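*Asks:* Here it is: the structure, laid out below.
The values are calculated or read from the model by the stated rules, or taken from the named source; none is laboratory data. From a predicted model like this one, the values you see are computed outputs, not experimental measurements. Positions of Cβ are generated from backbone atoms using ideal geometry, with glycine treated the same way; all protein chains shown enter the neighbour counts.
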Amino acid sequence: MFDVDKIRSDFPILNRHINGQGLVYLDNAASSQKPQVVIDAISKVYSEEYANVHRGIHYLSMKATENFENARSEVSNYLKSKSDQQIVFTKNATEAINLVAASFGETEINEGDEIILSVLEHHSNIVPWHFIRERKKAIIKWVDIDSKGLIDLEKLKSLISPRTKIISITHMSNVLGTVQPIKDIIDLAHEYNIPVLIDGTQGAVHNPIDVMDLDVDFYVLTGHKLYGPSGIGVLYAKSDYLQNMKPFQGGGEMIDEVTKENVTYASGPQKFEAGTPPIAQAIGLGEAIKYVNHIGLDEIHKHEQSITDYARNKLMDIDGLSFLLEPSQSRGIFSFTMSGSHPHDISTIIDKKGIAIRAGSHCAEPLLQTFGMTSTCRASIAMYNNKKDIDNLCESLLYCKKFFS
Ligand SMILES: Cc1ncc(COP(=O)(O)O)c(C=O)c1O
């Protein structure tokens, strides 16, 4: 049975007081808080089991390597990947997308070729493609969303051409909370032999993932939103791509042999993991995934859905509050404005009541431009949020309204 009070007690930071008030943390789409087991796992790495990985043959190096590789297997199982050799550790989702844009783009994208993105994308899934657009004189095409905040498949189909080299799309919008029809998008792209990158930074937190069933070519996530530490991200890729793509960065770890005249590369994920990797961070992510699995993904998602429904109804009752998009399809993320007050002022005032939300463009300027906006408030839910958090948020928004009236 999912017990939100028990879950809350696993996250020590939730006992904190901010500005004299109990913390109400509703900025989970930016980064989530960490359960004690993750904090302990990281502490154990440094206090008992730390050494560099993949290079020493002494006890600690072998132990650290074993723990690091076990974390890779944990991620692989979470994504239901065929092999843990398809899991590349990066420093975050941003680096994982940069890796694909640079390495795939280097050989596969040439002048006049096309990349399709959606207007929903986070800057992390835009800027790396702009780099390729500039470097290769490629073209970025943009697919719109429909009135429900979902990628319009007909429009997507109409953008595909013989020059389309990749479609790179978010699994779940970090602004609207809408979960995209990624299976349909991948099936459509594959009809034209076009590979698909799915940015699962938000999606992997709130949805079960099965990369083999999806038949996705690249899937990216970030550790710090999945209750793990910052400094660790993941790229899942089909083996053929890992084999054929050029390395992203050069250095130790990623080589097979180096001579004065030549270099050959390691195979598997190591080819893309130049230098000392984020060891404790990967192990922390592995522990976070174990924790999520222990609570149960289905249970977590059911709870988050019930808090989402509760929040939607309560927020809708606030006079003067407008959602960026009617949030019937939102999975735990609400973007809104309130008449008479700027989002930054709202966030600052409710912070005085211990409530953490995000205000700004949420690194999704093209999406906000679509709505003719530059800034919204965003409240986002995690497994440890309860109805009281939502009541506190709504009360403080009403206070804000009075304050500015
Ligand atoms: C949808 C989406 N993609 C990518 C990112 C970038 O994640 P990171 O900063 O961990 O690389 C974020 C972060 O907010 C996001 O929400």
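*Asks:* Would you mind stating whether N98 is surrounded by 16 or more Cβ atoms within 10 Å (Cβ to Cβ), within 16 Å of the ligand (Cβ to nearest atom) and of a type in the set (S, T, N, Q)? Spell out the reasoning first.
*Replies:* On the way: surrounded by 16 or more Cβ atoms within 10 Å (Cβ to Cβ): yes; within 16 Å of the ligand (Cβ to nearest atom): yes; of a type in the set (S, T, N, Q): yes.
So N98 passes the test.
*Asks:* When the residues of the stretch 75-93 are filtered to those that are of a type outside the set (K, R) and under 15 Å from P229 (Cα atoms), which remaining residue is farthest from the ligand (Cβ to nearest atom)?
*Replies:* The extreme case among them is V75.
*Asks:* Further question on the same structure: Tally up the residues in the stretch 240-265 that are of a type outside the set (V, I, T) and exposed (fewer than 11 other Cβ atoms within 10 Å of the Cβ), please. I'd like the intermediate steps shown before the answer.
*Replies:* Within the stretch 240-265, the subset of a type outside the set (V, I, T) is 240-254, 256-257, 260-262, 265.
Now restrict to residues that are exposed (fewer than 11 other Cβ atoms within 10 Å of the Cβ): 240, 257, 260-262.
Total meeting the criteria: 5.
*Asks:* In addition: Restricting the search to the stretch 315-337, which residues are under 12 Å from A379 (Cβ atoms) and assigned to a strand (DSSP E or B)?
*Replies:* L321, F323, S330, I333, F334, S335, F336
*Asks:* Which of the residues belonging to the stretch 230-248 are closer than 14 Å to V75 by Cα and either away from the ligand (no atom under 15 Å from the Cβ) or more than 12 Å from the chain's Cα centre (by Cα) (or both)? Please lay out each step first, then the result.
*Replies:* Initial filter on the stretch 230-248 (closer than 14 Å to V75 by Cα): 232-237.
Y236, A237 - these are the residues of the stretch 230-248 that are closer than 14 Å to V75 by Cα and either away from the ligand (no atom under 15 Å from the Cβ) or more than 12 Å from the chain's Cα centre (by Cα) (or both).
*Asks:* Do we find a residue being closer than 19 Å to F272 by Cα, assigned by TED's automatic domain parsing to the domain that holds V234 and more than 16 Å from the ligand (Cβ to nearest atom) anywhere in the stretch 146-165?
*Replies:* Just the residues of the stretch 146-165 that are closer than 19 Å to F272 by Cα, to begin with: none.
Checking the stretch 146-165: not a single residue is closer than 19 Å to F272 by Cα, assigned by TED's automatic domain parsing to the domain that holds V234 and more than 16 Å from the ligand (Cβ to nearest atom).
*Asks:* Still on this structure, please answer the following. For the stretch 127-138, does any single residue satisfy the condition of being over 30 Å from S335 (Cα atoms) and free of Cβ contacts under 8 Å to residues at least 24 places away in the same chain?
*Replies:* The answer is yes; a qualifying residue exists.
*Asks:* Among the residues of the stretch 147-169, is there at least one that is outside any loop (DSSP other than H, G, I, E, B), touching a Leu at 6+ places or on another chain (Cβ under 6 Å), free of Cβ contacts under 8 Å to residues at least 60 places away in the same chain and among the β-branched types (V, I, T)?
*Replies:* There is no residue in the stretch 147-169 that is outside any loop (DSSP other than H, G, I, E, B), touching a Leu at 6+ places or on another chain (Cβ under 6 Å), free of Cβ contacts under 8 Å to residues at least 60 places away in the same chain and among the β-branched types (V, I, T).
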